[in-house]
């Protein structure tokens, strides 16, 4: 039985020990690493520059892609579309052309799913292991920028580039190894369901009010500003 090595084929002759044991060790980030499994001679090769596009998928789309890979039920009449969508997106990710980042919104919506851990692993793998900063962190940063502009009497300028909120570099090469942690958030499921149901109820009331009163933009803006001002006074 051949001894296990971290190095993989194709193997070539090592420049140091001259054995045919110089193989592929790892790739990812900005470097490809080759190493000899005999003498451990190592060479790092810089990978070409990338310019990946960022595509943010709704939870529904990730769930659809999960059903494709897990053999779940696909929308009637759209089975071919779902399979082709998965094939094309996965191909673009593997060709280092796009990333499909996930967020805490996906995580929360996944928590109430019957196969939460499996779905989380699927969208991490499908999307290229890239995540966005927590929405509360993004909101806080924007609020601080607004406060700073107000205090200095300068115009508010928000940087809305996706690179500002990605947890890793957009243009890193996809790693040849996928490592996943099976995080179990099921203890939060009931609380998330309650919040979701309450939010849905409030949105229904708001929609009914707007349908009856038909407010214009200025009316809605005034209501929002009045609510903020009342909150400050209180």
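The values are calculated or read from the model by the stated rules, or taken from the named source; none is laboratory data. Everything quoted here is computed from the prediction, not taken from an experiment. Using ideal geometry, Cβ is built from the backbone for each residue, glycine included, and neighbour counts are taken over all protein chains shown.
Go through 120, 142 for me and flag whichever is touching a helix residue (DSSP H, G or I) at 6+ places or on another chain (Cβ under 7 Å) and assigned to a helix (DSSP H, G or I).
Answer to the selection: 120.
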Restricting region 15-57 to residues that are under 17 Å from the mean Cα position of the chain (by Cα) and surrounded by 17 or more Cβ atoms within 10 Å (Cβ to Cβ), the one nearest to residue 102 (Cα to Cα) turns out to be 57
When restricted to 4, 60, 81, the only residue exposed (fewer than 15 other Cβ atoms within 10 Å of the Cβ), part of a helix (DSSP H, G or I) and at pLDDT below 90 is 60
Within region 75-96, residues touching a strand residue (DSSP E or B) at 6+ places or on another chain (Cβ under 9 Å) and in contact (Cβ under 8 Å) with a residue 12 or more places away in the chain come out as 89, 93, 96
